[in-house]
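Asker: Have a look at the structure that comes next, please.
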């Protein structure tokens with residue numbers, strides 16, 4: 001049975017070659033041929049709190065070419081976040097790399113967090129990719145706070161949803177209880193409400209925040225079954241977790257629960273006329 005891996009890394013801040021070497025090394029350590037896809041975090045190729053214009057590259061381009069080489073070398077699908085240079089701006093982008101076809105899809109973050117609205121080229125199109133493991137929907141970090149996007153991906157046929165993310169803790173968020181239990185609950189909720197597998201790849205390690213102080217990657221990446229059951233969860237440091245993608249179980253679960261089939265879209269359409 002095919003498996004998916006989440007590679008939880010501490011990105012080398014502003015150093016894409018070193019981070020790509022780390023991704024390569026982490027994948028080489030898996031040593032399990034049933035693992036057919038490896039996922040890493042948001043802005044994973046160079047870190048978050050850095051001058052993105054210094055490290056951003058077009059997609060396709062230099063960074064995706066190196067990821068293609070890693071995918072071919074290990075015969076594995078790779079997905080994760082990078083800093084894309086497009087239209088003279090930075091896009092917070094996740095890519096999907098096939099070991100045989102190279103770059104097959106890219107997705108730009110749709111939902112801006114904080115001042116990202118003012119400085120990033122935002123995405124506007126949900127992305128579902130046909131892969132060896134099934135149909136995969138792509139999301140980035142803050143996207144997961146908006147159930148509408150994950151639901152659209154599921155309605156477009158996604159069986160697995162990826163969330164490449166940098167959920168972080170700082171003195172402000174910790175004070176109010178935004179913690180690893182919260183993000184695991186978020187992954188479990190998105191999985192069960194859409195009858196999909198979820199692979200959430202989180203960042204670990206510290207970065208200097210632009211607003212002062214430190215931000216600490218929460219880690220605690222997770223892989224969750226369509227029933228909402230956690231199949232694997234990481235801790236704080238650098239590590240790799242794996243989980244089985246069992247399509248027979250998903251089909252059984254869908255046949256028993258019928259969550260998506262039980263929706264009442266005719267009612268929602270009427271409600272949304274007053275909530276736009």
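The values are calculated or read from the model by the stated rules, or taken from the named source; none is laboratory data. Note that the coordinates shown come from a computational prediction; the quantities given were computed from them, not determined experimentally. We place every Cβ from the backbone using ideal geometry, glycine too, and count neighbours over all the protein chains shown.
Asker: Residues in segment 48-70: is at least one in a strand (DSSP E or B), closer than 20 Å to residue 202 by Cβ and out of contact with any helix residue (DSSP H, G or I) (no Cβ under 6 Å at 6 or more places or on another chain)?
Answerer: Here is the first cut: in segment 48-70, the residues in a strand (DSSP E or B) are 57.
Then drop every residue that is not closer than 20 Å to residue 202 by Cβ, which leaves none.
No, segment 48-70 has no match at all.
Asker: Same structure again: Could you please find all residues in segment 194-219 being farther than 22 Å from residue 82 by Cβ and buried (at least 16 other Cβ atoms within 10 Å of the Cβ)?
Answerer: Passing the criteria: 194, 195, 196, 197.
Asker: Still on this structure, please answer the following. Would you mind stating whether residue 122 is without any contact (Cβ under 8 Å) to a residue 40 or more places away in the chain and assigned to a loop (DSSP other than H, G, I, E, B)?
Answerer: yes
Asker: So how many residues does segment 104-130 have that are touching a strand residue (DSSP E or B) at 6+ places or on another chain (Cβ under 6 Å) and over 28 Å from residue 265 (Cβ atoms)?
Answerer: Of the residues in segment 104-130, the ones touching a strand residue (DSSP E or B) at 6+ places or on another chain (Cβ under 6 Å) are 104-109, 120-121, 123, 127-129.
Subset that is over 28 Å from residue 265 (Cβ atoms): 104, 106, 120-121.
Total meeting the criteria: 4.
Asker: Only one of (1) without any contact (Cβ under 8 Å) to a residue 12 or more places away in the chain; (2) assigned to a strand (DSSP E or B) is not met by residue 94, so which one is it?
Answerer: Unmet for residue 94, out of (1) without any contact (Cβ under 8 Å) to a residue 12 or more places away in the chain; (2) assigned to a strand (DSSP E or B): (1).
Asker: If we keep just the residues of segment 166-191 that are over 26 Å from residue 254 (Cβ atoms) and touching a helix residue (DSSP H, G or I) at 6+ places or on another chain (Cβ under 7 Å), which is surrounded by the most Cβ atoms within 10 Å (Cβ to Cβ)?
Answerer: The extreme case among them is 166.
Asker: Might you let me know whether segment 135-153 holds any residue that is over 25 Å from residue 186 (Cα atoms) and buried (at least 22 other Cβ atoms within 10 Å of the Cβ)?
Answerer: no
Asker: Quick one: is residue 103 touching a residue at least 40 places away in the same chain (Cβ under 8 Å), under 22 Å from residue 235 (Cα atoms) and either touching a helix residue (DSSP H, G or I) at 6+ places or on another chain (Cβ under 6 Å) or not in a loop (DSSP other than H, G, I, E, B) (or both)?
Answerer: When the stated conditions are applied, residue 103 does not pass them.
Asker: Only residues that are touching a helix residue (DSSP H, G or I) at 6+ places or on another chain (Cβ under 7 Å) and in a loop (DSSP other than H, G, I, E, B): list them for segment 13-43, please.
Answerer: Step one: list which residues in segment 13-43 are touching a helix residue (DSSP H, G or I) at 6+ places or on another chain (Cβ under 7 Å), which gives 14, 16, 20, 23-24, 27-28, 38, 40, 42.
Selection gives 14, 40, 42.
Asker: Does segment 258-271 include one or more residues that are under 16 Å from the mean Cα position of the chain (by Cα) and in contact (Cβ under 8 Å) with a residue 12 or more places away in the chain? So that I can check it myself, show each step before the final result.
Answerer: Here is the first cut: in segment 258-271, the ones under 16 Å from the mean Cα position of the chain (by Cα) are none.
No, there is no match, as no residue in segment 258-271 is under 16 Å from the mean Cα position of the chain (by Cα) and in contact (Cβ under 8 Å) with a residue 12 or more places away in the chain.
Asker: Any residue in segment 4-26 that is over 19 Å from residue 209 (Cα atoms), modelled with pLDDT under 95 and touching a strand residue (DSSP E or B) at 6+ places or on another chain (Cβ under 9 Å)?
Answerer: Looking through segment 4-26, none of the residues is over 19 Å from residue 209 (Cα atoms), modelled with pLDDT under 95 and touching a strand residue (DSSP E or B) at 6+ places or on another chain (Cβ under 9 Å).
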